[in-house]
Amino acid sequence: MRAYAAGFLRRLYINTAIAAAAVLGPSLFASAQQIDMNVVDQPGYVPSQEEEQLAGPYEKQLVFFRTTEAPGTVIIDSSQRFLYLVQPNNRAIRYGIGVGRQGFQWAGLEKISRKQEWPDWRPPPEMIERQPYLPRFMAGGPGNPLGARALYLGKTVYRIHGTNQPQTIGHAVSSGCFRLVNEDVIDLYDRVPVGTKVIIKQAVAL
Amino acid sequence: MGIAGRCGAFALIGTVAALLAGCASEAPSPPVAAATPSISADALVGKWGLASYHRDTDRPRTVKEALAQCNKPVVINKGPNGGVMMYLADQPELQELVLKPGPDGKTFLGPPGDAGTADDRIVTNVEPSSFTTVWVDPDNAGRYGTMVYERCGKRA
């Protein structure tokens with residue numbers, strides 16, 4: 001009887017812990033993400049291979065993803081810092097991203113209007129105001145804050161682009177663009193053509 | 001002291017006097033003139049379009065882009081002590097920087113003091129309408145690349 005009770009309590013404890021993690025885990029994770037990083041651009045910084053290797057949830061991975069959107073659609077979940085490339089059979093390739101900091105996040109429906117390898121960088125006026133020592137134009141290449149690739153979103157000023165600051169993935173730091181580590185943005189760039197539908201949401205219901 | 005002692009003392013004094021006279025009779029060496037940089041601070045004053053590149057193959061188009069940045073010019077004013085007011089790497093406050101001659105005929109631009117310190121840049125390709133700088137510190141050089149300044153407005 002005592003052994004049965006102990007086993008029952010152990011199972012109850014384990015099941016409760018699992019249920020709590022399922023409910024609280026994402027929100028705890030999201031809470032950690034709400035802390036914006038105070039990061040300024042580091043033009044010219046070239047991260048090491050170790051720095052560019054993401055781990056945990058932000059590592060590129062195939063996930064279960066149920067949606068009515070067609071395969072090949074890009075869906076961005078700003079609150080969770082993920083970009084999903086919809087695949088067949090309720091799957092998606094999920095990439096960890098950095099998003100716009102508070103006041104710079106947005107939602108909408110766009111298409112990829114242009115793609116560029118090793119894009120040039122022109123810091124926006126508000127960035128130059130904060131960092132007046134910045135060049136107004138930096139030619140593309142390693143160390144450029146836009147990283148290895150850029151996918152332009154419609155006629156907006158926003159892009160999905162790479163980064164020379166991999167530590168910002170999972171955080172809200174940008175002026176509204178979505179950034180991936182260079183290896184991931186190259187992977188995404190090779191998969192999506194111009195004209196790809198991009199849905200930007202604050203939160204995605206799975 | 002005996003006569004011999006007094007004579008010895010006088011001889012010593014005489015020798016010292018002679019030596020001092022000899023020293024005094026040599027003309028003083030002319031002061032070493034401080035080296036002056038070959039570039040005048042006035043050459044850097046003005047409004048400039050600023051652009052940068054890392055690969056030499058990008059220089060020609062970067063020069064064109066610098067000219068296109070005159071709607072957001074970098075303004076360089078003369079400093080109170082003969083230098084120019086500019087920014088150091090990663091510093092949002094203007095500081096007076098001076099031109100300093102360095103080894104191998106290079107001209108450095110940075111805070112007053114020795115030439116070639118980590119805060120300095122090397123100034124090259126100086127012309128009435130443009131100049132180029134490269135940071136001495138390898139980290140700054142790696143991050144900012146070669147910076148091209150193209151004069152805005154009337155160009156020579």
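Assorted remarks:
- Alpha-carbon gyration tensor eigenvalues x 5, square-rooted, for segment A:49-201, Å: 25, 16, 15
- Average partner coverage of B:64-76, which counts Cβ from other chains inside 10 Å: 3
- Difference of contour (0.36 nm per residue) and Cα-Cα distance, B:D56 to B:D114: 18.0 nm
- Placing unit charges on each Cβ (+1 for Lys and Arg, -1 for Asp and Glu) gives segment B:41-151 a dipole about its Cα centre, and among B:Y149, B:L97, B:A41 the Cα reaching farthest toward its positive end belongs to B:Y149.
- Checking every one of the trypsin sites (Lys or Arg not before Pro) in segment A:96-166 against DSSP loop status and a limit of 14 other Cβ atoms within 10 Å picks out A:K155.
- For GluC sites (Glu not before Pro), the sites in segment B:92-156 that DSSP calls loop and that have at most 11 other Cβ atoms within 10 Å are B:E93.
- Spin-label model, A:S113/A:Q167: points 7 Å from Cα along the beta carbon direction are separated by 3.5 nm.
- The alpha-carbon of A:K155 sits under 12 angstrom from the alpha-carbons of these aspartates and glutamates, leaving out residues fewer than 8 places away in its chain: A:E110.
- Cα-based Rg of segment B:41-151 normalised by 2.2 N^0.38 Å, two decimals: 1.00
- With the largest listed first and rounded to whole Å, the semi-axes of the equivalent ellipsoid of segment A:61-113 from the Cα gyration tensor are 21, 13, 9.
- Evaluated at q = 0.13, 0.15, 0.24 Å⁻¹, a Debye calculation over the C-alpha positions of segment A:43-137 (equal weights, vacuum) places log10 I(q)/I(0) at -0.67, -0.86, -1.31.
- B:D42/A:S48 FRET efficiency (R0 25 Å; Cβ-Cβ; nearest 0.05): 0.05
- Simple Cβ-charge dipole of segment B:41-151, Lys/Arg +1 and Asp/Glu -1, about Cα centre, in debye nearest 20: 440
- The HN-Hα couplings worked out from phi for segment B:122-139 by the Karplus form 6.51 cos²θ - 1.76 cosθ + 1.60 (θ = phi - 60°) are 9, 9, 9, 6, 7, 9, x, 10, 6, 7, 10, 10, 10, 5, 5, 5, x, 5 Hz, whole numbers, x standing for Gly and Pro.
- Above-threshold pairs, the threshold being 27 Å between Cα atoms, out of B:K47/B:K100; A:K60/B:K64; A:K197/B:K72: A:K60/B:K64; A:K197/B:K72
Every number here is computed from the coordinates shown, using simple stated rules; none is lab data. Every value quoted in this text rests on a predicted model; they were computed, and no experiment measured them. Cβ atoms come from the backbone with ideal geometry, glycine included; neighbour counts cover every protein chain shown.
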